[in-house]
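Input: a single structure, listed below in structure tokens.
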Amino acid sequence: MAEQRSSEWYAGTDRNSYIHRAWMRRGLPEDAFDGRPHIAIANTASDLTPCNAHLNEVMESVKAGIYEAGGIPLNLPVVSLGETLVRPTAMLWRNMAAMATEEMLRANPIDGVVLLGGCDKTIPSLLMAAASVDLPAIVVPGGPMKTGYFQGAALGCGTDVWRLSEEMRAGKLTEKQFLRSEASMISGKGHCNTMGTASTMALVAEALGTTIPGLAGTPAADARLLESSHETGRLIVELVAQDRRPSTFLTRGSFQNAIVALAAIGGSTNAVVHLLAIAGRLGIDLTLDDFDAIGSGVPLLVNLQPAGRFLMDDFQRAGGFLAVLKEVRDLLDPTALTVTGKPLVDYLDDAQIWDHEVITLRATPMIPDAGIAVLRGNLAPGGALIKPAAASPELLYHRGRAVVFDTIEDMHARIDDPDLEVDADSVLVLRGCGPKGYPGMPEVANMPLPKKLLEQGVRDMVRICDGRMSGTAYGTVVLHVTPEAAAGGALGIVENGDWIILDVEKRRLTLDVEQEELNKRSPNKATTDGFAKPTRGWEKLYVEHVMGADTGADLDFLQGSSGSTVSRESH
Ligand code: FES
């Protein structure tokens, strides 16, 4: 076999190679260090990331495949982020997880890596790490959970939590019923079963070419996930032999495919920051405007929550991701390769739609132009996003008066106040929720509607925020407003009663106040200062170096690839 990177540690008869081999032997076969590729399995299994807890089982299948193909599999537990638990928001730790994984891949004697992710931030952080260290890498998405049911109705994790809690607040569901639904929400192993961020990022990883084609979307409990994991184990050994690194096949065309796919599946807006961050690690020139230019005219072809009705196991039953991609084949870059060495489009011929209620034909889309729209204007000169597919059509043009909240705490304290001056035409503004301001850019942009309006039957309002929105949420929500208020953005000078105009068709977000008046205003201090100035640790590093949402909210010094070379040795 060809000389491996791991041979830098293991080859030779000197003291250092002796130490490296001796401590690693522990039952490995004698020829383990004779040039066999050593493959890390970057494993985000964790009891505190319940969506990924089954990945140890997946790992065993990957291991078997690696062994079969002549490699040495090595479990490498890496930082894992449980979306529902981690405070103050998992997004604060995405870059830390990516940096830690990158450094551990580089620091260790490995030749390639299989990336096991699932819950929202885990696939993005793994891909950012792999892009930066640029060793052969393949993703295995852990898969969505099967559908759970409550009172005879299917439950979409996340999406139905918002719905049920709003119904309780509107008096349509008792607290007892609401709490009883809790036991049905999570039906088993796997991540959220809606087209939320986890499902989106799994499919986007496949569109990028970083998974075995046809794998993403396979439910966690489906035996085919283990079969594909086994196959991935074999394939990674081949990738190492061919030195097929991310930088050799991830191109702008790969990102074009990801953006087309994101629109066609009605994927989470979170994919925008993640794709921008991954592209930044590869030095690929991808901008916020590319999402609008490439994706906004792409039709929505799936009827999945949160925008639609069905869930991920329905999606798989109906033909899955490749059936969707086949419908938009002409929009895909035919040269963009996958980990197999073949173009993504080569895998579409056999794909078929089996249930047209779940996956529609291009000729009969759910929505003709479904991609994410990028808004600009004096309220968001750096850009802001809206997902028209998840918005109320009648609000896509709206002029209303601002009701401003300076922090999440302020919003929670006042949103249900009967004296809050708000009506159905108001525009709710929540600031201080960007990467620096919160810090970490939480998923709060889909703020709850005021209780008194819910009781009047109002179900959607225009909401504007410099934070993110859960991929399982819906509504007319303008998010990722850049620059964020804490970085001096115009969001920080909006006052209660200001007119705001949202015009999605024209891609405008305007604070309709005379410039002369705006010039006199100084930003709200609580917002510009952020919630608290971190004085130590990761949060301090993060706040000092995080970039805006328009470039992926990565740290400035993590952009670009550092490769896999480590020149020094301590022994
Ligand atoms: Fe893990 Fe939704 S909370 S994927």
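Each row is one residue, and each column tells you yes or no for (1) open to solvent by 60 Å² or more (accessible area, probe 1.4 Å); (2) at positive phi; (3) more than 16 Å from the ligand (Cβ to nearest atom).
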position	(1), (2), (3)
Gly152	yes, yes, yes
Leu203	no, no, no
Ala216	no, no, no
Glu238	yes, no, yes
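Among the residues of this structure, Thr101 counts as one that is away from the ligand (no atom under 16 Å from the Cβ), buried (at least 24 other Cβ atoms within 10 Å of the Cβ), hydroxyl-bearing (Ser, Thr, Tyr) and modelled with pLDDT of 95 or more. Mind counting the residues in the stretch 472-489 that are farther than 19 Å from Ile415 by Cα and either in contact with a strand residue (DSSP E or B) (Cβ under 6 Å, 6 or more places away or on another chain) or free of Cβ contacts under 8 Å to residues at least 12 places away in the same chain (or both)? Final tally of qualifying residues: 3. Can you pull out every residue in the stretch 138-150 that is more than 12 Å from the ligand (Cβ to nearest atom) and open to solvent by less than 10 Å² (accessible area, probe 1.4 Å)? Of everything in the stretch 138-150, those that are more than 12 Å from the ligand (Cβ to nearest atom) and open to solvent by less than 10 Å² (accessible area, probe 1.4 Å) turn out to be Ile138, Val139, Val140, Gly148.
This table checks each residue for (1) assigned to a loop (DSSP other than H, G, I, E, B); (2) open to solvent by less than 50 Å² (accessible area, probe 1.4 Å).
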position	(1), (2)
Ala279	no, yes
Ile294	no, yes
Asp333	yes, yes
Asp350	yes, no
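The set of residues in the stretch 154-182 being within 26 Å of the chain's Cα centre (by Cα), open to solvent by 70 Å² or more (accessible area, probe 1.4 Å) and at pLDDT 85 or above consists of Glu182 alone. Summed over the stretch 347-396, residues that are of a type in the set (Asp, Glu) and free of Cβ contacts under 8 Å to residues at least 40 places away in the same chain total 3.
In the stretch 506-520, the residue that is most open to solvent (accessible area, probe 1.4 Å) out of those that are touching a residue at least 24 places away in the same chain (Cβ under 8 Å) and under 26 Å from Ile372 (Cβ atoms) is Arg508.
Does the stretch 50-66 include one or more residues that are more than 16 Å from the ligand (Cβ to nearest atom), assigned to a helix (DSSP H, G or I), over 30 Å from Ile186 (Cα atoms) and over 23 Å from the mean Cα position of the chain (by Cα)? Yes: one or more hits.
Can you find a residue in the stretch 41-49 that is under 22 Å from the mean Cα position of the chain (by Cα), assigned to a loop (DSSP other than H, G, I, E, B) and surrounded by 24 or more Cβ atoms within 10 Å (Cβ to Cβ)? Yes: one or more hits.
Cβ-Cβ under 8 Å, sequence separation 6+ or interchain: first residue in the stretch 490-505 and in contact (Cβ under 8 Å) with a residue 60 or more places away in the chain, partner of a type in the set (Asp, Glu). Which pairs? Correct list of pairs: Leu491/Asp466; Leu491/Glu484; Asn496/Glu421; Asp498/Asp512; Trp499/Asp512; Ile500/Asp512; Ile501/Asp512.
The values are calculated or read from the model by the stated rules, or taken from the named source; none is laboratory data. Just so it is clear, the model here is predicted, and its values are computed rather than measured. With ideal geometry, Cβ positions are generated from the backbone for all residues, glycine too; neighbour counts draw on all protein chains shown. Protein only, heavy atoms only, side chains kept; ligands, DNA and RNA dropped before computing areas. Shrake-Rupley method; radii C 1.70, N 1.55, O 1.52, S 1.80 Å.
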